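The values are calculated or read from the model by the stated rules, or taken from the named source; none is laboratory data. Please read all numbers here as calculations on a predicted model, not as lab measurements. Don't worry about glycine lacking a Cβ; one is built from the backbone with ideal geometry, like all the others, and counts go over all protein chains shown.
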Amino acid sequence: MSRRRGRFLVLEGLDGAGTTTQSRLLAERLRREGRRVHLTAEPSGGPVGALIRQVLRGRVAGGGGEGFDPSALALLFAADRLDHHAAEIAPRLAEGADVISDRYTLSSLAYQSLTTGDPAWVERLNARAPAPDLTLFLRVRPAVAGRRRFAESGSRELYEVPAFQRRVARAYQRSLALLRRRGERVALVDGEGPVEAVAEAVHAAAIGA
Ligand SMILES: Nc1ncnc2c1ncn2[C@@H]1O[C@H](COP(=O)(O)OP(=O)(O)OP(=O)(O)O)[C@@H](O)[C@H]1O
Ligand SMILES: [Mg+2]
């Protein structure tokens, strides 16, 4: 059995961009091609991830997520990320599996930079999170992502307000530029086409990693 380290791939984008859909499709396709693949997501399935989900669903500190301090939430996301990497991602990579994560550091650089108003602090909090081999960013205009989310469900969790999503889109652009300045690999994929076309582009970018 191969002990070569697997590749760590991350899917990113606005809420409704299709990161969950495309993470699954990429995992299925790489498995069909004979690779071992571990599919995961953030917030993670670990203890800090469970806490974050409670906050986002508004079950903590008074409802709606808005009652929870945004800086405390940024700390939870950063803590979850380190635990997620150490407990789940790194061991699978070491076994030789590819790991695909639906969201990772770039999500905090975008969302938590906005909600805390302190991008430099969020960058510092996440400085110990190991870089992925490739971050795939699904480019979808906020209006398109919003329509998809609305079609899927009438409910609105924290982060799903359209005006906020326009600010998130700009924050993602700034954060992508930051990853590039650090020398991290980033691939921009047009996420507005049909699911199959996006999947094809994601796969092409991923196998180039
Ligand atoms: N390329 C596409 N074209 C049209 N609809 C799509 C496409 N990709 C995904 N969808 C649909 O858009 C909705 C959101 O997709 P998905 O859950 O994959 O997005 P997401 O980025 O994971 O969203 P969230 O941030 O809310 O988790 C789903 O109903 C999905 O079926
Ligand atoms: Mg999703």
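When SER2 is tested against the conditions (1) polar (S, T, N, Q); (2) farther than 22 Å from ALA145 by Cα; (3) at pLDDT 95 or above, the lone failure is (3).
Only one entry in LEU138, LEU106, LEU179 is of a type outside the set (Lys, Arg), under 16 Å from the mean Cα position of the chain (by Cα) and outside any helix (DSSP H, G or I), namely LEU138. Can we say ALA127 is part of a loop (DSSP other than H, G, I, E, B) and more than 16 Å from ligand 2 (Cβ to nearest atom)? For ALA127, the condition - part of a loop (DSSP other than H, G, I, E, B) and more than 16 Å from ligand 2 (Cβ to nearest atom) - is met.
For LEU82, the requirement of being more than 16 Å from ligand 1 (Cβ to nearest atom) and surrounded by fewer than 17 Cβ atoms within 10 Å (Cβ to Cβ) is met. The single residue among GLY49, GLY45, GLY16 that is within 16 Å of ligand 1 (Cβ to nearest atom) and at pLDDT below 95 turns out to be GLY16. Residues in the stretch 141-164 include none that are within 16 Å of ligand 2 (Cβ to nearest atom), surrounded by 20 or more Cβ atoms within 10 Å (Cβ to Cβ), of a type in the set (Phe, Trp, Tyr) and closer than 29 Å to ARG29 by Cα.
If you scan the stretch 107-137, which residues turn out to be crowded, with 24+ Cβ neighbours inside 10 Å and among the aliphatic types (A, V, I, L, M)? Hits for the stretch 107-137 are ALA110, VAL122, LEU136. Among the residues of the stretch 156-168, some residue qualifies, meaning at least one is out of contact with any Phe, Trp or Tyr (no Cβ under 8 Å at 6 or more places or on another chain) and more than 16 Å from ligand 1 (Cβ to nearest atom). One residue stands out among those in the stretch 1-53 that are small (Gly, Ala, Ser), surrounded by 17 or more Cβ atoms within 10 Å (Cβ to Cβ) and part of a helix (DSSP H, G or I): the one that is nearest to ligand 2 (Cβ to nearest atom), which is SER23. The number of residues in the stretch 182-207 that are more than 21 Å from THR105 (Cα to Cα) and not in a helix (DSSP H, G or I) comes to 3.
Of all the criteria given as (1) part of a helix (DSSP H, G or I); (2) more than 23 Å from ALA171 (Cα to Cα), the one not satisfied by SER113 is (2).
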